[in-house]
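To start, the structure itself, in C-alpha cells.
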Number of protein chains: 2
Amino acid sequence: LGSGGFLQIRRMLNGLPPADAAHLIESTPHKIRSVLWQLIDIENEGDILQHLNDEVQSQFLRQMDAEEVAAITEGLETDDIADILQQLPDRVIREVLESMDHQDRLRVEHVLSFDEDTAGGLMNTDTITVRPNITLDVALRYLRRHESLPEMTDNLIVVNRNDQYIGILSLRKLLVSDPSVTVREIMDTEVEPISASMSSNEVAMLFARHDWVSAPVIGDDSLLLGRITIDDVVDVIREESDHSLMSMAGLDEDEDTFAAVLTTAPRRAIWLGINLLTAFIASGVINLFEATIEKVVALAVLMPIVASMGGVAGTQTLTVVIRGMALGHISRDNSRWLINREIMVGAINGLLWAVIVAGATTLWFGDPLMGAIIAAAMVINLITAALAGAALPLIMKSMKIDPALAGGVVLTTVTDVIGFMSFLGLATFFYA
Amino acid sequence: LGSGGFLQIRRMLNGLPPADAAHLIESTPHKIRSVLWQLIDIENEGDILQHLNDEVQSQFLRQMDAEEVAAITEGLETDDIADILQQLPDRVIREVLESMDHQDRLRVEHVLSFDEDTAGGLMNTDTITVRPNITLDVALRYLRRHESLPEMTDNLIVVNRNDQYIGILSLRKLLVSDPSVTVREIMDTEVEPISASMSSNEVAMLFARHDWVSAPVIGDDSLLLGRITIDDVVDVIREESDHSLMSMAGLDEDEDTFAAVLTTAPRRAIWLGINLLTAFIASGVINLFEATIEKVVALAVLMPIVASMGGVAGTQTLTVVIRGMALGHISRDNSRWLINREIMVGAINGLLWAVIVAGATTLWFGDPLMGAIIAAAMVINLITAALAGAALPLIMKSMKIDPALAGGVVLTTVTDVIGFMSFLGLATFFYA
C-alpha cells in the first residue's frame, strides 16, 4: 500500500459518519485495525470511539494517556464518556477526571457513581426542564433561546422549584396546543419515572413495552437526575439477546469477532477444559459397564444415540426457558406448569422416537431385546432431559448463577450420565 | 374462582396499559389465556392484540370472523394492522379488507403489497410533510391545525409538489430556529431515505448505527411512501437476535413459551428426528471398528471424549461466526482471515488439551499408546471443528440456507464422524 493509498483511506475514514467508521474498524482484523485508528483525525476519535464495542475500545484506550482520553471524549454525551472510562483501570479514570473541566467532571462522576447495568449508568444529564405554571408560549420562547436541543428530545420534563419530577410534556403535544394554556393543563403525569437503581434489563423492558423514545430518571425524593434515551436502550436489548446466544457457547457477549489468535485461544481453552471434565465423567460411567460392552460390542455402537438425543431434547427445553426468562415471561406462578408441559412433551417424543429406534435397532442387529433396551433408555433420558432443561435454569437463577452460561454444561453432563447409565445398566441386567 | 374474582380480573386487565396486558397474557398457559382474552372489553382488544407475539395473535384470530377482525383493528397504525392480517389465511384477509372503510383499506393494501421483512412492510403511512419554500412560522401554524401528531414524530418530511422526498426537518431544529427562515434553509438533505425494498435487517442496522427515531421510506422516483419508527425496529432487532438463539436449538423465534403440549411436541419431534439420523450416521462409523473395540474395550470408554470436545469447539466457532454475520461484520474480504484464525485457535487448544488428555488416559489405563492415539485424534478433530464451524455458515449463507438453523446439525455430524473415525481408525492401525 503506497502513501497515496493511505491518503485515500484516511480521507474516506474521516468522511464517513462516525458509526459507519466504527463498524468498518470492528469488521477488520486486529492488526489492520491499529493502522486504521492511526489514520483517524484527532477530532473524530471520540465520536468513533463511542460507537466501538467494549473490547475494541479498550484495545485503543490502552495506547492513550489520561490527557489524550480527556481530550478526545470532550463534547461526548455524559453516559458515553462514562461508558468509555469504565474500560480503564481506576487509577487512569481518576487521572482522566482530573484533566476534565469542572462542570463535565461533576456530571461524569455522577453517572460513574451508578452501576453500569442500572438506569443511573445508562442516563444522560442533558435534560430540558420546565415549570408547570408557565404557558406554552413562554415554554416555546424558552426553547428558542437554546442553540440546539439534546439528541432524542421528545419531551420536556416538568419539575417543581426543588427539581422534583412532576410529569412530562411531549413536543408533539406542545406543537398542536393553544400557546396560551399552561404546561400543567396538558402535561402527562401518568408516566412513571424510572428509578436510578432499576436494572438496565428492566429499563429495556419498559421502553419496549411502552414505545418510549426517552424517559426521565429520578433519585431519592423524586429528584430529577437525568433521562434515558432509546438509542442506549437498543444497545441494552442487543447485548441482552447476544448474552444468551454467546453464553450458551461459553463466550462473552462482547467477544470481538476479529480478536487475535493469542487473545481468543486462552478464552476458549477454559470452556473446553470444563467440558473435558464433564466428558471424563461420562467416560467414567461407561467404564462401569466395561464387562458388558466386552460381551456385547453392539452396545458401544448404539450408546451415543441415547446420550445425544437426550442432549438435543434438553437443549431445546433449556433454550425455551432461558429465552422465556429473558423476556420476563416466567415467574414462580407459571414455572410448575412449564416443567410439567416439558415433561409431557419429553415423554411423548421419547415414546415416538423410542418406537422408531427400537425398530431400526432390531433390523440392524437382528436383536429385539436390544431394541427394547434402547427404547426404554431413550424414554428415560428424554424425560430426564426435559426435567433438567426446565428446572436447571430456574434453580440456577435462584442461586444467582447465570443459566445461559452454566446451564448447557450441567445439562449435557446429566443427559450423558443418565443416557449411558440407563442404556448400559439395562443391558447389563438383561445380558450379564 | 367465583364470579367476583372474574369481575376483579376483568377490571384489572382492562385497566392495564395494553402492552402490559399483552405481556400478562403471553405469560399465561394457553388454556387460562383464552379465558383472559374473553374478559377483555371489545374496545381494548385491538390495542392488546397488536402487542402479542405472532403465535398468540393467531390463536385468538382463529376464533374471530372477518368482520370482528376489521372492527377491532380499526384505529390501529397501518403497519400493525398489516402485521395482524398476515397471520390470517389469504381468503380471510380479503374478507377483512372488504369490511374496512375505503381509505383504511387502500393504506393497508399498500403496506400488505410489500414483503413483511422489508422496509415497506415495516412502514407507517402517517407522515407529516411540508414544502421547502414555506417559513417555519407557517409550518408551526400548520402543525397547530392538527388534532395530534402521529406517535414518534421527531421530524417533518420535506417533499416537493410531486410528493418526492427532499429532506427532513427535525422538530428539535424547528423549535430553536428563527420562525422567519424557510424550511429549505434549515432542513437536512444529508439523510439518505430508506428504499421500500430494503430488508428489515438492513433497516435495523441503519437505525442502530445512526440513532434514528424515525426515517422516511421512498419508492421508485423518490416518491415518499411512509416512515419507519424505532419501536418497530426494536422488534426487528429483538427477533433477529432471538432468531440465532432459538434456531440453534431448532426452534422458531416466535415460539410461544406457554404453548400446549400437543402444539409443542410435534414441532420438537422433527428436530429430534433430524438429530436421530445424524446419531445413526455416527453409530455407523463406530460400527466399522467393531472388531477393534471388541479387542480393546477401553476405546468405547474414551471415544465420546474426542467427539464431544470437537462438538464444543466447533459450536464456539459457529456461534462467533453466526453472530458476526448477524452484526454485518463478516464479508468476503475478511472471511479467509477469520477461518485461518479459527484454525490456529483450534490447533493451539487441540494441542493443549491433547497433552492433558494423553496424560490422564495414560494414568487411567496405564497405556501410553492409548494416550498418544487419543491426543492425535483430539488435535485432528479440533482443527476439523474449527474449519467446519467457520466455513459452514459462510457456505450455507451463499447457498441461502440459514446457518443458525442447519449449522449445528451439520457441524456435530462432522465432529462426531471425524472424532470417531480418527480415534478408532488410529487405534485399529496400532492395535489390530
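Just going by the charge dipole of the protein assembly as shown, with Lys and Arg at +1 and Asp and Glu at -1 on Cβ, which of B:P368, B:A347, A:G167 is farthest out on the positive end?
B:P368
R0 = 22 Å: FRET efficiency of A:L277 with A:K400, Cβ-based, nearest 0.05? Mind dumping the intermediate values first?
Numbers: r = 22 Å, r/R0 = 1.02.
Efficiency, rounded to the nearest 0.05: 0.50.
Could you give the C-alpha radius of gyration of the range B:3-122 expressed as a fraction of 2.2 N^0.38 Å, taking N as the number of residues it contains?
Scaled against compact globular proteins, the figure is 1.08.
How big is the Rg/Rh ratio for the range B:26-84, C-alpha atoms only, Rh by Kirkwood, two decimals? Write out the running numbers ahead of the final one.
Working: Rg = 10.9 Å, Rh = 11.7 Å.
For the range B:26-84, the value is 0.93.
Restricting to Cα pairs below 8 Å that are 6+ residues apart, what does the relative contact order work out to for chain A? Please round to a whole percent. Could you put the intermediate results ahead of the total?
Numbers: 563 pairs, mean separation 54.1, N = 432.
Relative contact order, chain A: 13 percent.
Take every residue in peptide B:235-246, count the Cβ atoms of other chains within 10 Å of its Cβ, and give the average of those counts. Intermediate values should be presented prior to the final figure.
Values: counts 2, 0, 6, 9, 1, 2, 10, 6, 2, 5, 13, 6.
If you average over the peptide's residues, the count of other-chain Cβ atoms is 5.
Using the beta-carbon distance between A:V138 and B:V181 and R0 = 25 Å, what value does 1/(1 + (r/R0)^6) give for FRET efficiency, to the nearest 0.05?
On the way: r = 22 Å, r/R0 = 0.88.
With a Förster radius of 25 Å, E is 0.70.
In chain B, with Lys and Arg counted as +1 and Asp and Glu as -1 at Cβ, which of these residues, B:A208, B:T28, B:T292, has the Cα nearest the positive end of the dipole, that is, farthest along it?
Among B:A208, B:T28, B:T292, the one farthest towards the positive end of the dipole of chain B is B:T292.
Check cross-link reach from B:K173 to the lysines: straight Cα distance under 20 Å, and skip same-chain residues fewer than eight apart.
Those lysines meeting the cut-off are A:K173.
Inter-copy label distances at B:T135, 7 Å along the Cα→beta-carbon direction, one decimal in nm, shortest first?
Reported distances to equivalent positions: 2.1 nm.
Could you please report the charge total around A:T264, scoring K, R as +1 and D, E as -1 over all other residues with beta-carbon less than 12 angstrom from its beta-carbon? All intermediate terms of the calculation are to be shown ahead of the outcome.
Values: positive: A:R267, A:R268, B:R341; negative: A:E55, A:D252, A:E255, A:D256, B:E342.
Neighbour charge sum, excluding A:T264 itself: -2.
Find every distance from the label point of B:G359 to the corresponding label point in the other copies (7 Å from Cα along Cα→Cβ) and write them in nm, one decimal, shortest first.
Ordered by distance, the counterparts are at 5.1 nm.
Among B:368-374, B:214-220, how do they line up from the highest to the lowest mean number of other beta-carbon atoms within 10 Å? Intermediate values should be presented prior to the final figure.
Details: B:368-374: 19.9, B:214-220: 21.4.
For the peptides B:368-374, B:214-220, the packing ranking is B:214-220, B:368-374.
Are there any residues in the range A:155-190 with a reduction of at least 20 Å² in accessible surface when going from the isolated chain to the assembly of protein chains? Probe 1.4 Å, please list them by number.
Those residues are A:L171, A:R172, A:L175, A:V176, A:P179.
Taking the Cα centre of the protein assembly as shown as origin, sum charge times position over the Cβ atoms of Lys and Arg (+1) and Asp and Glu (-1), and report the length of that vector in debye to the nearest 20.
Details: 58 positive and 116 negative charges, 504 e Å.
About 2420 debye.
Taking the simple approach of a point 7 Å from Cα along Cα-to-Cβ for both A:E116 and A:K295, what is their distance in nm?
5.9 nm
Taking just the C-alpha trace of the protein assembly as shown, give me its Rg and Dmax in Å.
For the protein assembly as shown, the Cα-based Rg and Dmax read 30.2, 98 Å.
Extent of the range A:261-431 along each principal axis, from alpha carbon coordinates, in Å, largest to smallest?
Per principal axis, max minus min of the Cα coordinates gives 50, 44, 25 Å.
Using alpha carbons only, how many degrees (0 to 90, rounded to 10) separate the axis of helix B:261-288 from the longest principal axis of chain B?
30 degrees
Describe numerically, in nm with one decimal, the distance between label points set 7 Å from Cα along Cα→Cβ at A:F6 and at A:S222.
Going from the A:F6 label point to the A:S222 one covers 6.1 nm.
What's the longest bit of chain B with no exposed trypsin sites (Lys or Arg not before Pro), using DSSP loop states and at most 15 other Cβ atoms within 10 Å as the test?
Numbers: sites that count: B:R62, B:R145, B:R161, B:K400.
So the longest stretch without any such site is B:162-399.
Tell me the relative contact order for the range B:1-150 as a rounded percent, counting alpha carbon contacts under 8 Å between residues six or more apart. Walk me through the numbers on the way to the answer.
Numbers: 115 pairs, mean separation 24.8, N = 150.
Relative contact order of the range B:1-150: 17 percent.
Enter the accessible area per residue of the protein assembly as shown (Å², integer; probe 1.4 Å; all protein chains in place).
42 Å²
Mind checking the full-extension length gain between A:D163 and A:V355? Use 0.36 nm per residue of separation minus the Cα-Cα distance, one decimal, nm.
So the chain would gain 62.1 nm between A:D163 and A:V355.
Under a point-charge model restricted to the Cβ atoms of Lys and Arg (+1) and Asp and Glu (-1), what is the dipole moment magnitude of the range B:261-431 relative to its Cα centre, in debye to the nearest 20?
Numbers: 9 positive and 7 negative charges, 124 e Å.
Dipole of the range B:261-431, to the nearest 20 debye: 600 debye.
Can you find, among B:G311, B:M421, B:A269, the residue sitting farthest towards the positive end of the charge dipole of the range B:261-431, where Lys and Arg contribute +1 and Asp and Glu -1 at Cβ?
Sorting the options by dipole projection puts first B:A269.
Note the buried accessible area between A and B here, summed over both chains, with a 1.4 Å probe, in Å² to the nearest 100.
Details: alone 23440 and 23420 Å², together 36410 Å².
Approximately 10400 Å² gets buried when A meets B.
Evaluate the charge dipole of the range A:1-74 about its Cα centre and quote only its size in Debye, nearest 20, assuming +1 on the Cβ of each Lys and Arg and -1 on the Cβ of each Asp and Glu.
Values: 5 positive and 12 negative charges, 99 e Å.
It works out to roughly 480 debye.
For the range B:122-174 and the range A:331-408, what is the centre-to-centre distance using only Cα atoms, to the nearest Å?
About 58 Å separates the Cα centre of the range B:122-174 from the one of the range A:331-408.
Calculated FRET efficiency, A:L39 and B:A372, Cβ-Cβ r, R0 45 Å, to nearest 0.05? Before the final figure, lay out the partial values.
Working: r = 50 Å, r/R0 = 1.11.
Efficiency, from the Cβ-Cβ distance: 0.35.
Which distances in nm, rounded to one decimal and ordered from shortest, link the label point of B:A372 to the equivalent label points in the other identical copies, with labels set 7 Å from Cα toward Cβ?
Taking the point 7 Å beyond Cα along Cα→Cβ, the inter-copy spacings are 4.7 nm.
Between A:N340 and B:K31, what is the spin-label point distance in nm, taking each point 7 Å from the Cα along the Cα→C-beta axis?
Result: 0.7 nm between the two label points.
Residue separation times 0.36 nm, minus the C-alpha to C-alpha distance between B:T189 and B:R62: what's the value?
Values: separation 127, 0.36 × 127 = 45.72 nm, distance 4.61 nm.
So the chain would gain 41.1 nm between B:T189 and B:R62.
Which value, in Å³ per residue, describes the convex hull spanned by the Cα atoms of chain B? Write down the numbers at each step before the final one.
Values: hull volume 90.4 nm³, N = 432.
Convex hull of Cα atoms, per residue: 209 Å³.
Partner chain Cβ atoms within 10 Å, averaged over the residues of A:303-315 - can you pull that number for me? Can you show the working numbers first?
Numbers: counts 5, 12, 7, 1, 3, 12, 5, 0, 5, 13, 6, 1, 7.
Counting other chains' Cβ atoms within 10 Å and averaging over A:303-315 gives 6.
I'd like to know how the range A:129-229 sits against the 2.2 N^0.38 Å rule of thumb: what's its Cα Rg over that expected value? Kindly include the intermediate steps, with their values, before the conclusion.
Details: Rg = 13.6 Å, N = 101, 2.2 N^0.38 = 12.7 Å.
Scaled against compact globular proteins, the figure is 1.07.
The values are calculated or read from the model by the stated rules, or taken from the named source; none is laboratory data. Not measured: the values here are computed from a predicted model. Because the Cβ atoms are built from the backbone with ideal geometry, glycine has one as well, and the counts that use them run over all protein chains shown. Accessible surface areas use protein heavy atoms only, side chains included; no ligands, DNA or RNA. Shrake-Rupley method; radii C 1.70, N 1.55, O 1.52, S 1.80 Å.
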